[in-house]
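Worksheet: one structure, shown below.
The values are calculated or read from the model by the stated rules, or taken from the named source; none is laboratory data. No experiment lies behind these values; they were computed from the predicted model shown. Glycine also receives a Cβ, built like all others from the backbone with ideal geometry; neighbour counts cover every protein chain displayed.
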Amino acid sequence: MSGLVIFGTRPEAIKLAPMVASIRDARSAEDVGVVCTGQHAEIMTQTLNSLDLDVDENLNLMQRDQTPMEVVERIIVSLTERYASERPDWVLVQGDTATAFAGALFGYLGESTVIHLEAGLRTHDIHEPWPEEGFRQEIARLAGLHLAPFPCARENLLAEGIGAESIQVVGNTGLDGQQAMLAQLDGDDAAWLPDGDFVLVTMHRRENIGPRLEATCRQLVTILDNYPDLRILWPVHPNPKVRSTAFQFFGDRKDRVMLSEPLDYPKFLHAQRAAKFVVSDSGGVQEEAASLGTRVAIVREKTERPDAVDLGLTRIVSADASGLVDAVNDFMATPVDPASVAEWRALQGDGNAGEAAAAALLKKIENDQAVRQRA
Ligand code: UDP
């Protein structure tokens, strides 16, 4: 085997799929292994059904109520048992999850070249989001090639002393298949969406579960009171603590609030495009919704996607959503600026980021091989 792609969660699968397809076009199948750690179980199966991403092995490591420490430990042990003897030349990880961190550490300790897709996103606060900011900062210390989705990510890496020659801005692979995915559903009637104007809600961040999530639900109740024609669509994350809070507040508000299972990826894109606005603590949703012309109230203290905030497409409303009412009043009163949406899309590349990322990886591996042969 020459390379190993390691992923474990929904956003990693979505953002790796276009890049892996391009790598596989260029290399023989035996050359590239794709392993899923199974950090997310149910929603991963659903996501993979919508994507063109063939997985060679699923390690099925998810356990109920797992902590990040346990996940990292299980992944390191399992990858070592299963793949250390194959000594991959390169290991590709994406983003900021426990899987990405453990995969990068596995690659680094096995002397593989670590390639990091979606490198350089920063809030500069290792507790927000936790543990993702710590994971991505550590991955940057281990990676030999940093594939940044937009220019400010490159600036962050340079400021940390990463050499310019190992950074490439390739664009956001998350946007690559977006239009094709949406086209899959464009012919369908949208009967499954709430009638009229609706707010799309997603909440899953570990550091927000508990009092912050309850405070956010109270703010959402106020929004429903303030705007009697507005409905909520909330595809609830499978985390039992998120589910119990969502159902405790809205389980008996079926007239106005649709609590659903997580939506498959094309349907979720469709919902982001159709929503009046989005309320979310997600990272990827900030990118996607804003690219589709829908504004996002970010239920967090900080974001690693400041350009969308500067363009007026996203707004931080605090992790307890204390700024939500003001943000919603603005979102309801003012239209989205199409020029800002176009600018945000342009910052994330031309929709061929997967190809650019794969080309950068293959070039890096060729160069490394040439250097080894000369030595
Ligand atoms: N997503 C999905 N179905 C849902 C909610 C989200 O397919 O019901 C997708 C969404 O389109 C985006 C990704 O999941 O591409 C975001 O993942 P998540 O919010 O779990 O993680 P983050 O981006 O915060 O790391």
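Quick check on this structure: which one of S280, S322, S318 is surrounded by 20 or more Cβ atoms within 10 Å (Cβ to Cβ) and either away from the ligand (no atom under 16 Å from the Cβ) or under 19 Å from V221 (Cα atoms) (or both)?
S280
Select from segment 239-277 the residues that are closer than 15 Å to A190 by Cβ, more than 19 Å from the chain's Cα centre (by Cα) and not hydrophobic (A, V, I, L, M, F, W, C) and write down the one among them that is nearest to the ligand (Cβ to nearest atom).
Selected residue: S260.
Does E355 satisfy the criteria of being among the charged types (D, E, K, R), in a helix (DSSP H, G or I), within 28 Å of P262 (Cα to Cα) and modelled with pLDDT of 95 or more?
For E355, the condition - among the charged types (D, E, K, R), in a helix (DSSP H, G or I), within 28 Å of P262 (Cα to Cα) and modelled with pLDDT of 95 or more - is not met.
Can you confirm whether S28 is surrounded by fewer than 23 Cβ atoms within 10 Å (Cβ to Cβ) and without any contact (Cβ under 8 Å) to a residue 12 or more places away in the chain?
yes
Within segment 116-194, considering only helices (runs of 4 or more DSSP H) that don't extend past its boundaries, which have at least 2 residues that are within 15 Å of the chain's Cα centre (by Cα) and under 23 Å from I316 (Cα atoms)?
132-142
K302 versus (1) within 12 Å of the ligand (Cβ to nearest atom); (2) closer than 29 Å to H124 by Cβ; (3) among the basic types (K, R); (4) surrounded by fewer than 22 Cβ atoms within 10 Å (Cβ to Cβ): which is the lone unmet condition?
Every listed condition holds for K302 apart from (1).
Mind checking whether some residue in segment 46-59 is within 16 Å of the ligand (Cβ to nearest atom), among the β-branched types (V, I, T) and closer than 28 Å to G134 by Cβ?
yes
If a residue has to be over 26 Å from E111 (Cβ atoms), in a helix (DSSP H, G or I) and touching a residue at least 24 places away in the same chain (Cβ under 8 Å) to count, how many in segment 40-93 make the cut?
Within segment 40-93, residues that are over 26 Å from E111 (Cβ atoms), in a helix (DSSP H, G or I) and touching a residue at least 24 places away in the same chain (Cβ under 8 Å) number 8.
Right, V93: out of contact with any Lys or Arg (no Cβ under 8 Å at 6 or more places or on another chain) and buried (at least 22 other Cβ atoms within 10 Å of the Cβ) or not?
The answer is yes for V93.
Could you please find all residues in segment 152-167 being in contact (Cβ under 8 Å) with a residue 40 or more places away in the chain and more than 16 Å from L117 (Cβ to Cβ)?
Across segment 152-167, the qualifying residue is only C152.
If I go through segment 235-273 residue by residue, how many of them are of a type in the set (A, V, I, L, M), out of contact with any Ser or Thr (no Cβ under 8 Å at 6 or more places or on another chain) and either under 17 Å from L193 (Cβ atoms) or free of Cβ contacts under 8 Å to residues at least 24 places away in the same chain (or both)?
Result for segment 235-273: 6.
Examine segment 117-124 for a residue that is farther than 19 Å from M19 by Cα and either crowded, with 17+ Cβ neighbours inside 10 Å or within 16 Å of the ligand (Cβ to nearest atom) (or both), and state whether such a residue exists.
yes
Of everything in segment 263-273, what is within 18 Å of T314 (Cβ to Cβ) and in contact with a Pro (Cβ under 9 Å, 6 or more places away or on another chain)? Give them in sequence order.
Matches in segment 263-273: F268, A271.
Which residues, counting only those in segment 96-111, are part of a loop (DSSP other than H, G, I, E, B) and either within 16 Å of the ligand (Cβ to nearest atom) or crowded, with 23+ Cβ neighbours inside 10 Å (or both)?
D96, T97, listed by residue number.
Every residue in segment 283-299 that is away from the ligand (no atom under 13 Å from the Cβ) and in contact (Cβ under 8 Å) with a residue 40 or more places away in the chain, please.
G293, R295
Please find, among I43, I23, I75, I14, the residue that is β-branched (V, I, T), at pLDDT 95 or above and more than 19 Å from A353 (Cβ to Cβ).
After ruling out the rest, the residue left standing is I75.
Every residue, every condition in (1) on the phi < 0 side of the Ramachandran plot; (2) touching an Asp or Glu at 6+ places or on another chain (Cβ under 8 Å); (3) crowded, with 19+ Cβ neighbours inside 10 Å, yes or no:
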site: D195; (1), (2), (3): yes, no, no
site: R212; (1), (2), (3): yes, yes, yes
site: R218; (1), (2), (3): yes, no, no
site: N226; (1), (2), (3): yes, no, no
site: P238; (1), (2), (3): yes, yes, no
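Taking into account only those residues within segment 195-223 that are polar (S, T, N, Q) and part of a helix (DSSP H, G or I), which is farthest from N329 (Cα to Cα)?
Among those residues, the one meeting the criterion is N208.
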